[in-house]
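Engineer: Here's a structure for you.
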């Protein structure tokens, strides 16, 4: 009996070994360690998915090679200039508009100048005009309301010709602007008043401001000023007040190259300022202008 049971156990063991051998043959071993590593990597990616972001850069203009743009150097001011556009290389009339952009140049890079928040483009800006072959048109540009006064530096002026297909061989390709561009320098010396606030002339109840007018034009002080607390985010306007003293004494006029001293006292309207950084905003109206320009004078109360 014991002999019979032993034979049965041996038979069962033999069958189990045969089954294991068969399974091993059905699952071949990897050919190399690289396959094992790749399999592990796939498992990791499946359990920890990643996001791929693709970015593209597109140019929204083409340069017109048959047109020439120049800026008349003697007309350049912080708020305006006069440009000359010439149909220099076409045997036919060429369209153009007064639509323009300004770019600030820094090293090898250029970036669009920031428009003022309340700027609204005039409706006629994109009206199409024509230039005959070799004809030149003067284009007066007044960007003060759009960009404000430009700081000293290098700029690119870009004037739009027309909208054309981005691929000349494919008329159904996306439209881009055909433009003409030129570079110019902004040097504001002689065209912008200087504002001086001496440290000894600052106190919590007011300041003394000296304005040295530039030699390009006479200017008038508008007698309304704004006071902002720049230490807060966002900044807070403290008051808007008429400078009654300047109005009373009639000392608000500056001839070209002249000087004006304004004494501000806000102790009765606002009180004493706490320590912090502030900005005084005033308006000056130059002869020949219909609207004044706003100037910012920063100062610190310690």
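Engineer: Right, residue 265: in contact with a strand residue (DSSP E or B) (Cβ under 6 Å, 6 or more places away or on another chain) and either at positive phi or without any contact (Cβ under 8 Å) to a residue 24 or more places away in the chain (or both) or not?
Structural biologist: Criteria not met by residue 265.
Engineer: Of these, 256, 171, which one is exposed (fewer than 13 other Cβ atoms within 10 Å of the Cβ) and out of contact with any helix residue (DSSP H, G or I) (no Cβ under 8 Å at 6 or more places or on another chain)?
Structural biologist: 171
Engineer: Might you check whether a residue that is surrounded by 13 or more Cβ atoms within 10 Å (Cβ to Cβ) and assigned to a helix (DSSP H, G or I) occurs anywhere in segment 76-86?
Structural biologist: Looking for residues that are surrounded by 13 or more Cβ atoms within 10 Å (Cβ to Cβ) and assigned to a helix (DSSP H, G or I), one finds none in segment 76-86, hence no.
Engineer: Any chance you could count how many residues in segment 61-71 are without any contact (Cβ under 8 Å) to a residue 60 or more places away in the chain and closer than 15 Å to residue 137 by Cβ?
Structural biologist: 1
Engineer: Look through 281, 259 and report the one residue that is in contact (Cβ under 8 Å) with a residue 12 or more places away in the chain and more than 17 Å from residue 225 (Cα to Cα).
Structural biologist: 259
Engineer: Right, another one. Mind checking which strands (runs of 3 or more DSSP E) fall wholly inside segment 107-186 and carry at least 2 residues that are within 21 Å of residue 79 (Cβ to Cβ), under 26 Å from the mean Cα position of the chain (by Cα) and touching a residue at least 12 places away in the same chain (Cβ under 8 Å)?
Structural biologist: Fully inside segment 107-186 and qualifying: 136-142, 153-165, 175-186.
Engineer: Which fully enclosed strands (runs of 3 or more DSSP E) of segment 225-302 have 1 or more residues being modelled with pLDDT of 90 or more?
Structural biologist: Correct list: 259-265, 276-286, 293-301.
Engineer: Ok, one more. So for segment 227-240 (the condition being loosely packed, with under 13 Cβ neighbours inside 10 Å, in contact with a strand residue (DSSP E or B) (Cβ under 6 Å, 6 or more places away or on another chain), over 30 Å from residue 142 (Cα atoms) and touching a residue at least 24 places away in the same chain (Cβ under 8 Å)), does at least one residue qualify?
Structural biologist: Among the residues of segment 227-240, at least one is loosely packed, with under 13 Cβ neighbours inside 10 Å, in contact with a strand residue (DSSP E or B) (Cβ under 6 Å, 6 or more places away or on another chain), over 30 Å from residue 142 (Cα atoms) and touching a residue at least 24 places away in the same chain (Cβ under 8 Å), which makes the answer yes.
The values are calculated or read from the model by the stated rules, or taken from the named source; none is laboratory data. It should be emphasised that the depicted structure is a prediction, and the values quoted were computed from it without experimental measurement. Using ideal geometry, Cβ is built from the backbone for each residue, glycine included, and neighbour counts are taken over all protein chains shown.
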